Amino acid sequence: MKLGIVGLPNVGKSTLFNAITKAGALVANYPFATIDPNVGLVNVPDERLEALSKISNSKRILPAVVEFYDIAGLVKGASKGEGLGNKFLSNIRETDAIVEVLRCFDDPNVTHVDGSVDPLRDIETINLELILADLELVDKVLEKKRKVARADKSARAEVEVLEKIVEVLEAGKSARILELNDEEKKLLRSYQLLSTKPIIYVCNVNEDDAANDGEGNPYVEKVREFAKTENAEVSVVSAKIEQEISELDTEEEREEFLAMIGLEESGTDKVIKDSYKTLNLISFLTTGEMETRAWTITKGTKAVDAAGKIHTDISRGFIMADIISFEDLVEAGSVNHAKEMGKLRMEGKEYIMQDGDVVNFKFNV
C-alpha cells in the first residue's frame, strides 16, 4: 500500500512524515523544503501478532507494511506547472491513496503560504489542481477514443465512463464522488486519474485539541462536514506530538506518554487504520515456529487469491485452507486444541477471507 502525504507548504507534512517513518526528512519553515518525495516504510499496528507469536513460539514477527511518500508542497497553478506542480502531480499518480494534511491550528510563528489558516480553502486549492490536471488528460483521451468508438465496442464503453468523469470534473468536483462499478474502474485504472484516488484528510492540530480528537476546533469541524460530501475519512493528529512520540526509545515509554496526554493511540496509528478502511483492506494471518506474519488483502478476496499473496505456487496448486479465527485460536491456546474444540475449518478456493483469519494453506505443485 502506497500513501502519498500531500498538502500546501508549511502545514506539517514533513513533520508528520518524520514522525511516521523516522526517516529524517528535511523540515523547514519555507515553501518547497521538500523537492523529491521522501519514502519510508512503516509497520501496520496489529496487536494480534504478538499474541499469535506467543502461541506458536515464533522466532520473528512480520507485520504488514505501508509505504509513505512525503510529496512536495503544492501551490495554485500546479496543474499548469507552477511551483513544483508537474513533479507533485506525477508523484501522486504512483500512490494508492492520498493523505492530505491540513493545518488546523493558529501560530503566528509558522507562516502560511496564503497568509491565513483556512483548511477548506487549502482543500479547494489542492482538489482544484487535481481536477484540472485530470480534465486536461481526459479531454485528450476522449478526442482520440471518440474517433474509434463507432467500430470498437471497448472504446465505446471507455468513452461512456470518461464522459461521466468529465461531467463531474467540469462541475468542479472530484471524480472520487462517482459510484463506478468494477468494470468502469478497470477501464479507468490505466489513466491513474488523480481525483479518483481515495483520500484521507488529516487535521494537524495543537496538543490540547489532539487529546479530545479535535472536538470544539472550528477548523476540524469544517473539514469533517466537507469530508462527508466525499465519504472520506478524517484523522485528527498533532504532528508535534507524533514527533515527540517517535523520539521515545521503547513501546512502554510511548504508552506512558500517550496515557499522560490523554490519548489511547497515536495519530500515526489512526492514519494507518483510516487508510486501511479507505482502501477497503483487511489482514489475514499466518503463524508457526519460524514466523508470525500479517498479509494485506482487499475485502472480498477469495482464499485461492489470498494464497497467491504468499506465493504464486500456493495459489496455482491450491488444495484447501485450514482456517481458525484469531479470537478462537487465542481462546483455545493452540492449533491442536482449536481442532479438538471444532474451531478449525477446511475451506475451498471460493471461500471469502475475513479479517483476522489465521490460515494454513495446503497445496501441491
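Mind listing just one residue for me: the one in segment 316-358 that is open to solvent by 30 Å² or more (accessible area, probe 1.4 Å) and of a type in the set (Ser, Thr, Tyr) and, of those, modelled with the lowest pLDDT?
SER334
Return the total of residues in segment 162-177 being surrounded by fewer than 19 Cβ atoms within 10 Å (Cβ to Cβ) and either at negative phi or assigned to a helix (DSSP H, G or I) (or both).
Selection size over segment 162-177: 8.
List the residue pairs whose Cβ atoms are under 9 Å apart, where the first residue sits in segment 162-191 and is among the hydroxyl-bearing types (Ser, Thr, Tyr), the second is open to solvent by 30 Å² or more (accessible area, probe 1.4 Å), and the two are 6 or more positions apart or on different chains.
SER174/THR196; TYR191/LEU137
For segment 276-299, state whether one or more residues are touching a residue at least 12 places away in the same chain (Cβ under 8 Å), open to solvent by less than 70 Å² (accessible area, probe 1.4 Å), in contact with a Pro (Cβ under 6 Å, 6 or more places away or on another chain) and β-branched (Val, Ile, Thr).
yes
Within segment 348-365, track down each residue that is assigned to a loop (DSSP other than H, G, I, E, B) and not hydrophobic (A, V, I, L, M, F, W, C).
GLY348, LYS349, GLU350, TYR351, GLN354, ASP355, GLY356, ASN364
Kindly indicate the residue of segment 199-225 that is under 22 Å from TYR276 (Cα atoms) and among the aliphatic types (A, V, I, L, M) and also surrounded by the most Cβ atoms within 10 Å (Cβ to Cβ) among those meeting that condition.
That would be VAL202.
From the list THR312, THR301, THR286, THR292, exactly one residue is among the polar types (S, T, N, Q) and within 30 Å of ASN231 (Cα to Cα). Which is it?
Testing whether each residue is among the polar types (S, T, N, Q) and within 30 Å of ASN231 (Cα to Cα) leaves just THR301.
From GLU183, GLU129, which residue is open to solvent by 50 Å² or more (accessible area, probe 1.4 Å), within 24 Å of the chain's Cα centre (by Cα) and at pLDDT below 90?
When all the criteria are applied, what remains is GLU183.
Which condition number does ILE314 fail, the rest of (1) farther than 29 Å from GLY40 by Cβ; (2) in contact with an Asp or Glu (Cβ under 8 Å, 6 or more places away or on another chain) being met?
For ILE314, the failing item is (2).
The values are calculated or read from the model by the stated rules, or taken from the named source; none is laboratory data. What you see is a predicted model, and the numbers here were worked out from it, not measured in a lab. Please note: Cβ atoms are built from the backbone with ideal geometry, for glycine as well, and neighbour counts cover all protein chains shown. Heavy atoms of the whole protein, side chains included, go into the accessibility calculation; ligands, DNA and RNA do not. Shrake-Rupley method; radii C 1.70, N 1.55, O 1.52, S 1.80 Å.
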